[in-house]
Amino acid sequence: MKKGRLLLLTFITSLFLVTTSLAASVDFENAYGQGQKDEVIYNTIQFDYCVVTGLTDQEADDVFAKLDEYDQSTTELVEDAFPDCNSTNDLEGTILYLQSNYESAKNAMTGHEEELDAYLLFNSIEYYKDNYDCIEQRVEDAQTASATASNGSTVATVKIFSDGSGDNTIGSSGHAINTGTHAWIVVENTSNRTIMVGKRTLPAGKQITLGTWGNKSEHTGLWYNLESYFIKTNSAYSKRVSTNYNIDSSGLDTLNTYILRHDYWNAADNCSAFASGAWNQISPNKISAGIICTPYNLAHNIQQTNYTSRAAVKYHDRVYYSQLNANPALSAVYVSTNYDR
């Protein structure tokens, strides 16, 4: 395992237990030629790459089109000018650092911004070629996403939350990386009837939280109401930020389809990937969680919207965890009937 991969896995598993339960739907090694692999990954991360770099879609396409000309001299140019980048020893840490500090990196590379853009894209694609299991579902999501503004009567409000606070960890190249704490979504039933969210019913006027976890002994993957439980019982996520979007019944169907196929967690396809992916399926106003998804980057990008700090999250029902072929199971560990009104 590369040193950079070990770094992130070691850090994140202090919050979550790593799992690779994502079932393979595409034989990536055999289904695509080398150029096709690059293109599949690029198309999946293009939006996130543009958010990080500030490039337009066309400008990003131009960078990608020239990657055939990428050589070691570009790597040496960037890493000589910006020693915090070290793609050989810490590829993952380098991407995480750059996506959180791209403006300062550009300032250090004045006159060579194009090389920096190419460096980030080249190494991002290389990272996911080595870690395709961590992006596989995002590939499918990117291919199926077609969010449009709601046209029917609103039935629910979806809120995306992220707490980007957290202790910095030090990468092998010596730079600090803050990945943040946790991200999740809230669905509030604004209709006058009970609706279905995932595999749970939600009465009119009530809220439900949904998030993915990897460090819970009862289940690795999707949980219902665990975030609201922690907020209710422990005053958790005090630095959370959020934004919201109203959906009609069609949007709810789209959201439910997404929820039902995302009962898993792994180090890169983590809670922030789940939350941003759910949001981007139903809202035309996309929000990035980063090329490598983190709650820190998601919180930063939520703050570029019309956002709210520490919005109320109501604990309206017991905590359940998902079961793929059965109804959600009631948690025996996270138990409280002290519901919010």
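Would the stretch 249-271 turn up any residue that is β-branched (Val, Ile, Thr), within 19 Å of Gln207 (Cα to Cα) and not assigned by TED's automatic domain parsing to the domain that holds Ile195?
Within the stretch 249-271, none of the residues are β-branched (Val, Ile, Thr), within 19 Å of Gln207 (Cα to Cα) and not assigned by TED's automatic domain parsing to the domain that holds Ile195.
Would you be able to tell me the number of residues in the stretch 264-317 that are assigned to a helix (DSSP H, G or I) and not small (Gly, Ala, Ser)?
Taking the stretch 264-317 and keeping what is assigned to a helix (DSSP H, G or I), we get 271-282, 295-302.
Now drop any that are not not small (Gly, Ala, Ser), which leaves 271, 274, 279-282, 295-298, 300-302.
The total comes to 13.
What's the number of the condition Ser228 fails, among (1) in a helix (DSSP H, G or I); (2) closer than 24 Å to Asp141 by Cα?
The number of the failed condition is (2).
Pick from Thr243, Thr257, Thr201: which is over 12 Å from the mean Cα position of the chain (by Cα), of a type in the set (Val, Ile, Thr) and either closer than 24 Å to Gly164 by Cα or part of a loop (DSSP other than H, G, I, E, B) (or both)?
Going through Thr243, Thr257, Thr201 in turn, just one is over 12 Å from the mean Cα position of the chain (by Cα), of a type in the set (Val, Ile, Thr) and either closer than 24 Å to Gly164 by Cα or part of a loop (DSSP other than H, G, I, E, B) (or both): Thr243.
Could you say whether any residue in the stretch 123-146 is among the aliphatic types (A, V, I, L, M), buried (at least 21 other Cβ atoms within 10 Å of the Cβ) and without any contact (Cβ under 8 Å) to a residue 60 or more places away in the chain?
No, because not a single residue in the stretch 123-146 is among the aliphatic types (A, V, I, L, M), buried (at least 21 other Cβ atoms within 10 Å of the Cβ) and without any contact (Cβ under 8 Å) to a residue 60 or more places away in the chain.
For the stretch 252-266, check the following and say yes or no: at least one residue is more than 26 Å from Ser336 (Cα to Cα), surrounded by fewer than 23 Cβ atoms within 10 Å (Cβ to Cβ) and of a type in the set (Lys, Arg).
yes
Given the conditions (1) more than 20 Å from Gln303 (Cβ to Cβ); (2) surrounded by 15 or more Cβ atoms within 10 Å (Cβ to Cβ); (3) at pLDDT below 95, and given that Gly166 satisfies all but one, which numbered condition is not satisfied?
Only one criterion is unmet by Gly166, namely (1).
What are the residues in the stretch 123-145 that are part of a helix (DSSP H, G or I) and β-branched (Val, Ile, Thr), if any?
Ile125, Val139, Thr144
From the list Tyr97, Tyr102, pick out the single residue that is assigned by TED's automatic domain parsing to the domain that holds Ser87, in contact with a helix residue (DSSP H, G or I) (Cβ under 9 Å, 6 or more places away or on another chain) and within 21 Å of Asp61 (Cα to Cα). Give the steps one after another, and end with the answer.
Values: Tyr97 fails: within 21 Å of Asp61 (Cα to Cα).
The unique qualifying residue is Tyr102.
Limited to the stretch 227-248, what total is found for residues that are closer than 26 Å to Ile195 by Cα, touching a Phe, Trp or Tyr at 6+ places or on another chain (Cβ under 6 Å) and either outside the structural domain of Thr194 (by TED's automatic domain parsing) or surrounded by fewer than 20 Cβ atoms within 10 Å (Cβ to Cβ) (or both)?
Adding up the residues that qualify gives 1.
Just for the stretch 183-212: of the residues that are surrounded by fewer than 18 Cβ atoms within 10 Å (Cβ to Cβ) and among the hydrophobic types (A, V, I, L, M, F, W, C), which one is nearest to Val319 (Cα to Cα)?
Restricting to residues being surrounded by fewer than 18 Cβ atoms within 10 Å (Cβ to Cβ) and among the hydrophobic types (A, V, I, L, M, F, W, C), the top hit is Met196.
The values are calculated or read from the model by the stated rules, or taken from the named source; none is laboratory data. These numbers were taken from a predicted model, which means no experiment stands behind them. Every residue, glycine as well, gets a Cβ built from its backbone with ideal geometry; the counts of neighbours run over all protein chains shown.
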